[in-house]
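To start, the structure itself, in C-alpha cells.
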Amino acid sequence: MTANIMPTPFPADTTQEANALLSRLNRPDGAGWVDHPQLFNKMAEANGNPTLPIAACPTHGIVEQVSKGFLSFPQGWAGGLIQIAMLAGTFGETQKRHAVLRNHVLHSVISMALQDLDRTGRILKWIAINVLPKDAAFIAARFGGAAFTAYALRLRKLNDTARYGGLGLNFILASYGSAILGIAKGDRQLHAIAYSILSGRYDGLCVPVDKMERELKDMDIKDTGPMVDALKGILNFAQDAETQGAEQH
C-alpha cells in the first residue's frame, strides 16, 4: 500500500529528501501494530532501560514524587505552549523544523496505535493497573499543580462555562506538552508516550517492556475507552496546532 505522505514542511531541503523522511514518519511497517524500525528505537537512556525487570526501575521517595508531580503540570503546560510557538515560526525556521518533527513523531505513534485498538487497549490497561498506582502521589500532586496554574491564570474570575473550558484546555495543553517533552528526550514507543499523556511524567519513566509484553494477553480492554479518547484528543490537538502554525507562517 502506498504511504500517504504529508506535504513537506522543510522548504530548505530537497523535496525528495523531505518526503523520504516524512514517509518514514507516517508509514506503518507491515500489517497491524508494528513500530517502524528506522523510527521507533528503544527509550532514551535517561528514561531507564526498558529490558530490565521492574525491580531495576528507578524509584522516588514520597517527597520527591509530590514535588515533581506538582511541577509537572506547569512544566508540561509551558512545554506545550513553547512547542506551539515553535510550530508558528516564532523562534525561527530551524526551531520550527524541530517542532514539526516532534509533532510528526507524536502523530505517527498515536495514529499507528489507533489502527489496532485491541492491542492499544491492552497496553493502556496494563499501564493503568501496573504503573499508574505506583505514581499515585505524583499524579495527586499534579492536580495541585493544575490548580496553581489555573489560579495564576485567574480562571476563577471567569463564568462557569469559560472556567471549565479553560481547565479542560489547560489539561490538554499540559498533556500534549508532557508528550512532546518525552519525545524531545528520546521516547518513541507507545507505552512511554501514552504514560506521559496520562500521568504527566516524562522524566525517569521506566516501563519493563518484556514484563508488559508477557502480561498483555491477560489484559482486557474493558473501561479503556476514556484513555483511548485521551490519545485521540492529543492527536487532534497536535494536528490543529501544526495546521494553525502552517497558516501563520
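Quick look at the numbers
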{"item": "Verdict on Leu153 being without any contact (Cβ under 8 Å) to a residue 40 or more places away in the chain, farther than 25 Å from Val209 by Cα, in contact with a helix residue (DSSP H, G or I) (Cβ under 9 Å, 6 or more places away or on another chain) and not small (Gly, Ala, Ser)", "result": "yes"}
{"item": "Index of the failed condition, Tyr202 passing every other in (1) under 16 Å from Gln239 (Cα atoms); (2) within 11 Å of the chain's Cα centre (by Cα)", "result": "(1)"}
{"item": "Condition met for Ala46 (modelled with pLDDT under 55 and either in contact with a strand residue (DSSP E or B) (Cβ under 8 Å, 6 or more places away or on another chain) or aliphatic (A, V, I, L, M) (or both))", "result": "yes"}
{"item": "Members of the range 60-89 that are in contact with a Gly (Cβ under 8 Å, 6 or more places away or on another chain) and not hydrophobic (A, V, I, L, M, F, W, C)", "result": "His60, Gly69, Ser72, Pro74, Gln75, Gly76, Gly79, Gly80, Gln83, Gly89"}
{"item": "Residue under evaluation Phe91, criteria (1) assigned to a loop (DSSP other than H, G, I, E, B); (2) closer than 30 Å to Thr243 by Cα; (3) at pLDDT below 85, criterion not met", "result": "(3)"}
{"item": "Residue match in the range 229-247 (condition: modelled with pLDDT of 80 or more, touching a Gly at 6+ places or on another chain (Cβ under 6 Å), crowded, with 16+ Cβ neighbours inside 10 Å and within 26 Å of Gly145 (Cβ to Cβ))", "result": "no"}
{"item": "Cβ pairs under 6 Å, 6+ apart, first in the range 78-107 and among the aliphatic types (A, V, I, L, M), second surrounded by fewer than 16 Cβ atoms within 10 Å (Cβ to Cβ)", "result": "Ala88/Gln248"}
{"item": "Filtered residue count, the range 133-161, keeping only those that are surrounded by fewer than 16 Cβ atoms within 10 Å (Cβ to Cβ) and either of a type outside the set (Phe, Trp, Tyr) or farther than 21 Å from Pro226 by Cβ (or both)", "result": "17"}
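The values are calculated or read from the model by the stated rules, or taken from the named source; none is laboratory data. All values reported here derive from a predicted model rather than from experimental measurement. Because the Cβ atoms are built from the backbone with ideal geometry, glycine has one as well, and the counts that use them run over all protein chains shown.
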